[in-house]
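Everything below concerns the one structure shown next.
The values are calculated or read from the model by the stated rules, or taken from the named source; none is laboratory data. Owing to the predicted nature of the structure, the values given are computational and were not obtained by experimental measurement. Counting neighbours? That spans all protein chains shown, and the Cβs are built from the backbone with ideal geometry, glycine included.
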Amino acid sequence: MSDENAIVTEPAVTPGPMAGNSSTNRVILPDDKILSGHEVDGIQEMDNPMPVWLSTLFLATFLYAIGYCIVYPSFWFWPGLWKWSSTTEMNRLEAEQAARRTKPVVVKVDLAQLARDPAHLANGKAIYELSCATCHGENAQGKVGPSLVDAEWKYGGKPTDILESVTNGRPGGMPNWGNTLKPEEVEDVTAFVLSLQKE
């Protein structure tokens, strides 16, 4: 070990009887390893370099921030290379939802026949209780959403109308379950709603 990096220890001065006894050694460091003037309560700050991993992490975050500011809008005068904005993204999502709502629904099965099939009704009821009862009520009597057991239908009560409402959703809060449920599940829950209609 070189002399300049050596840490020298010397016994602490024995205190008087009023101060008690101590056998603690105090550490004396070379003057070039201590920041001049950085001392609080006898504690001196060493002039050690930052660890390599911490320096690397700091540099990486700094470079990432620069890249982010270049790619995305980060200043009032800079729209970013990708020209991204939350308004543009929201308009795109709304346009996609509108396109899905206007997409025609193709009926591939006889919904009235499914409404008389116990197996399909049981599956449709399970889907209704999980996904629909929160808004339309446990007995489809209406809650946040409208009643499904009366003769009043805002968007039509025919089998194809109900299928389209379930598949593509309706303005005012009805989600488009066609993006969440499988086609056969949409058909089963539609059949269950049809089965609730009073003759």
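Of all the helices (runs of 4 or more DSSP H) wholly in segment 110-199, which have at least 2 residues that are acidic (Asp, Glu) and not assigned by TED's automatic domain parsing to the domain that holds Ala95?
Values: elements: 111-114, 118-131, 133-136, 159-168, 183-195.
Fully inside segment 110-199 and qualifying: 159-168, 183-195.
Can you name every residue in segment 166-185 that is surrounded by 21 or more Cβ atoms within 10 Å (Cβ to Cβ) and modelled with pLDDT of 90 or more?
Scanning segment 166-185 gives a single hit, Val166.
Given (1) in contact with a Gly (Cβ under 7 Å, 6 or more places away or on another chain); (2) of a type outside the set (A, V, I, L, M, F, W, C); (3) in contact (Cβ under 8 Å) with a residue 12 or more places away in the chain, where does Lys143 come up short, assuming only one miss?
For Lys143, the failing item is (3).
Being farther than 19 Å from Thr180 by Cβ and loosely packed, with under 14 Cβ neighbours inside 10 Å is the filter here; which residues of segment 120-142 pass it? Don't jump to the end; show me each part of the working.
Narrowing segment 120-142 to residues farther than 19 Å from Thr180 by Cβ: 121-122, 137-142.
Ala122, Glu138, Asn139, Gln141 - these are the residues of segment 120-142 that are farther than 19 Å from Thr180 by Cβ and loosely packed, with under 14 Cβ neighbours inside 10 Å.
Among all residue pairs at least 6 apart or on different chains, which show Cβ distances below 7 Å where the first residue, located in segment 147-175, is on the phi > 0 side of the Ramachandran plot and the second is assigned to a helix (DSSP H, G or I)?
Qualifying pairs under 7 Å: Gly169/Arg101.
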